[in-house]
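Only one structure is covered here, and it is reproduced in the block below.
The values are calculated or read from the model by the stated rules, or taken from the named source; none is laboratory data. Since we're looking at a predicted model, the values are computed, not measured. All Cβ positions, glycine included, derive from the backbone under ideal geometry; neighbour counts span all protein chains shown. To get the accessible areas, we keep the full protein, side chains included, count just its heavy atoms, and leave off ligands, DNA and RNA. Shrake-Rupley method; radii C 1.70, N 1.55, O 1.52, S 1.80 Å.
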Amino acid sequence: MRSVKIAPSILSADFARLGEEVAAICAAGCDYVHVDVMDGHFVPNITIGPDVVKAIKPHAQCPLDVHLMIAPVDLYIDAFAEAGADIITFHPEAGPHPHRTAQAIRNAGCRVGLSLNPATPISVLDHLLDLTDLVLVMSVNPGFGGQSFIPSQLDKISAIRERIDASGRAIELEVDGGVNRETAGQAIAAGADVLVAGTATFKGGSAHYAENIATLREAGQT
Ligand code: DX5
Ligand code: ZN
């Protein structure tokens with residue numbers, strides 16, 4: 001049985017109390033803090049930048065999993081690394097040189113994540129797996145929390161799981177968008193080992209964070 005990590009997306013947190021919220025989900029047992037960075041250009045929403053990552057870092061007792069939904073990417077890698085990102089995940093759709101971007105993230109001392117939008121084929125991984133520590137499958141079109149899981153991505157998750165297992169590399173397979181008690185089990189069964197969950201983690205307030213995280217983690221045990 002594969003161990004499952006839970007990465008709450010702080011896009012669904014109370015932005016007026018982000019430090020407290022980050023501390024609360026870490027205390028509630030999450031494995032990563034998923035930080036959704038959006039620029040209003042690559043995706044139709046604007047969220048936070050490196051200064052906010054720097055501000056929340058002292059409150060995080062677990063790694064910051066920074067998801068860059070921005071274009072261009074390369075200009076900002078060092079700023080997010082210096083702000084405290086542990087994983088920097090980018091979209092190969094965001095620029096012409098994803099191999100160079102992955103090299104730059106490695107050189108900045110961070111783990112490299114590659115995020116695939118729903119319409120992006122897995123062939124984009126063909127010449128990048130040796131530079132990749134995490135593959136993030138978008139199960140929604142990026143830009144907003146609270147959307148519905150796109151079931152067609154389950155086949156993609158399974159295909160990527162096969163690619164990762166065949167590579168023999170310790171690459172994490174993360175799924176992001178519309179993950180809840182129902183879809184978590186499907187994603188895990190398809191091959192995911194890290195689940196991003198915003199709405200499903202933060203629903204009900206901080207008294208429920210530990211229970212919500214445990215529910216998602218156990219979804220794959222049934
Ligand atoms: C969407 C983000 C996701 C989103 C997940 O662009 O990348 O991380 O915040 O939110 P939920 O879990 O509510 O779908
Ligand atoms: Zn995300």
Query raised in the report: Which distance in nm do the two modelled labels at ALA27 and ALA210 give, with both placed 7 Å along the Cα-to-Cβ direction?
Result: 1.0 nm
**Report entry** Potential lengthening between ASP78 and ALA189 on full extension [0.36 nm per residue; Cα-Cα distance subtracted]
**Finding:** 36.4 nm
Query raised in the report: Anyone know which of HIS127, HIS67, HIS59 comes out most mobile in the 10 Å Cα GNM of the chain?
Result: HIS127
Requested in this report: Kindly report, to the nearest 10 Å², the accessible surface of THR199 as traced by a 1.4 Å probe over protein heavy atoms only.
Outcome: 80 Å²
Requested in this report: Mind jotting down the three principal axis lengths of region 76-191 based on Cα atoms? Whole angstrom, largest first.
Outcome: 38, 32, 24
**Report entry** Coordinate range along principal axes, alpha carbons of region 1-74, Å, largest first
**Finding:** 36, 33, 21
Requested in this report: Could you tell me the largest-minus-smallest coordinate of the C-alpha atoms of the chain on each of the three principal axes, in descending order and whole angstroms?
Outcome: 44, 40, 30
